[in-house]
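A.B. asks: So that we are looking at the same thing, I have put the structure below in structure tokens.
The values are calculated or read from the model by the stated rules, or taken from the named source; none is laboratory data. Computed from a predicted structure; not experimentally measured. Heads up, the Cβs are rebuilt from the backbone with ideal geometry, glycines too, and the neighbour counts pull from every protein chain shown. Note: areas computed on protein heavy atoms with side chains; ligands, DNA, RNA excluded. Shrake-Rupley method; radii C 1.70, N 1.55, O 1.52, S 1.80 Å.
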Amino acid sequence: MIFSRQERTRLPENALARSVFGPLGGVVETGAVNATGTWRLRDVSLGVFVAQRQSDLDRLLDGIRSVCRFSDAAMAIAGELGYLEDHEVSAASLLLWSDGIMGVPDPLDRIEEPSLVRRMGQIGVDLQLTRLLQALVTAALAEGTEAGEGAAGIAEILRVAGGLAEPAEGGPTPADIHRMWRVALLHGILRPASEVPDWGKAGYRAYDAELARLVQGE
């Protein structure tokens, strides 16, 4: 449950940070796979990928700190989770980031075939970027950053994150991610039977409207 049923309450900052940095980790891992152009896991070097894009990651983290108003302790969670450190990216990780939508191939050792790795990466990019937007808006609202203050920063975070996710093709644009978020998550928050309180719904609607203005030209 994201919000209290009755009133606005402060959510634990570490929980908000993890909800943001988890999807960001998925974006970085799938981005490192997509950057190979071969989609062979033996060609993936997350350490090289991060080092070559450190300025982009720094802009992302600075943007997250600003929009979400995270403390130093909350920002440190990005490093504690380990997604930005050099490590092996496995097919199991890609299956996780893609929510198993592709299914588990039979026999299992086919899961590392480049065509299947590429598909998991593509699905994972869409899912994790959508969840990143959801987490950013939720954290911004919880920490008191209203849409007029935070939407432009979120749009920039999405622009950089989309480029990291699919380096060769530029990745999903902020407009793409915003549309996916509307379809996948926002409608559930705003439906009449949702347990999100009215102040929360109003906040999400405000962010949707401001993002639509900024990235969709609506």
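A.B. asks: Provide a single number: the residues in region 83-102 that are closer than 12 Å to Val28 by Cβ and either touching a Leu at 6+ places or on another chain (Cβ under 9 Å) or modelled with pLDDT under 95 (or both). Steps first, answer last, please.
C.D. replies: The first filter runs over region 83-102 and keeps only residues closer than 12 Å to Val28 by Cβ, leaving 83-87, 89, 93, 97.
Next, from what is left, pick out any that are either touching a Leu at 6+ places or on another chain (Cβ under 9 Å) or modelled with pLDDT under 95 (or both): 83-87, 89, 97.
Of the residues in that region, 7 qualify.
A.B. asks: Quick one: is Trp39 touching a helix residue (DSSP H, G or I) at 6+ places or on another chain (Cβ under 6 Å), modelled with pLDDT of 95 or more and over 24 Å from Gln134 (Cβ atoms)? Give the derivation first.
C.D. replies: Details: touching a helix residue (DSSP H, G or I) at 6+ places or on another chain (Cβ under 6 Å): yes; modelled with pLDDT of 95 or more: yes; over 24 Å from Gln134 (Cβ atoms): yes.
Spelling it out, Trp39 is indeed touching a helix residue (DSSP H, G or I) at 6+ places or on another chain (Cβ under 6 Å), modelled with pLDDT of 95 or more and over 24 Å from Gln134 (Cβ atoms).
A.B. asks: For region 97-193, list the helices (runs of 4 or more DSSP H) that sit wholly inside it and hold at least 1 residues that are of a type outside the set (A, V, I, L, M, F, W, C), open to solvent by 70 Å² or more (accessible area, probe 1.4 Å) and under 25 Å from Met75 (Cα atoms); which are they? Before the answer, list the steps.
C.D. replies: Working: elements: 114-142, 147-165, 174-181, 187-190.
Answer list for region 97-193: 114-142, 147-165.
A.B. asks: I've got another one for you. If I ask for residues that are closer than 13 Å to Leu133 by Cα and hydrophobic (A, V, I, L, M, F, W, C), which ones from region 181-211 would you list? If you could, list the steps in order and put the result at the bottom.
C.D. replies: Let us first name the residues in region 181-211 that are closer than 13 Å to Leu133 by Cα, namely 181-186, 204, 207-208, 211.
If the condition is that a residue be closer than 13 Å to Leu133 by Cα and hydrophobic (A, V, I, L, M, F, W, C), then Trp181, Val183, Ala184, Leu185, Leu186, Leu211 are the ones that fit.
A.B. asks: I would also like to ask the following. Tell me whether region 51-62 contains one or more residues that are more than 27 Å from Ala139 (Cα to Cα) and either small (Gly, Ala, Ser) or open to solvent by less than 50 Å² (accessible area, probe 1.4 Å) (or both). Even if it seems obvious, please write down each step before you answer.
C.D. replies: Initially, region 51-62 is screened for residues more than 27 Å from Ala139 (Cα to Cα), giving 51-52.
Applying the additional criterion that residues be either small (Gly, Ala, Ser) or open to solvent by less than 50 Å² (accessible area, probe 1.4 Å) (or both) yields 51.
Within region 51-62, one or more residues are more than 27 Å from Ala139 (Cα to Cα) and either small (Gly, Ala, Ser) or open to solvent by less than 50 Å² (accessible area, probe 1.4 Å) (or both).
A.B. asks: Of the residues in region 53-80, how many are among the small types (Gly, Ala, Ser), within 19 Å of Val160 (Cα to Cα) and in contact (Cβ under 8 Å) with a residue 24 or more places away in the chain?
C.D. replies: Going through region 53-80 one residue at a time, the tally reaches 3.
A.B. asks: Which one of Val89, Val117 is touching a helix residue (DSSP H, G or I) at 6+ places or on another chain (Cβ under 6 Å) and farther than 13 Å from Gly22 by Cα?
C.D. replies: Val89
A.B. asks: For region 63-96, what are the residues that are surrounded by fewer than 20 Cβ atoms within 10 Å (Cβ to Cβ), over 15 Å from the mean Cα position of the chain (by Cα) and not in a helix (DSSP H, G or I)?
C.D. replies: Scanning region 63-96 gives Arg69, Ser71, Gly82, Glu85, Asp86, His87, Glu88, Ser90.
A.B. asks: Further question on the same structure: Is there any pair with a first residue in region 30-52 that is without any contact (Cβ under 8 Å) to a residue 60 or more places away in the chain and outside any helix (DSSP H, G or I) and a second that is open to solvent by 30 Å² or more (accessible area, probe 1.4 Å) and among the hydroxyl-bearing types (Ser, Thr, Tyr) whose Cβ atoms are under 6 Å apart and which are 6 or more apart or on different chains, and what are they?
C.D. replies: Pairs found: Val44/Thr36.
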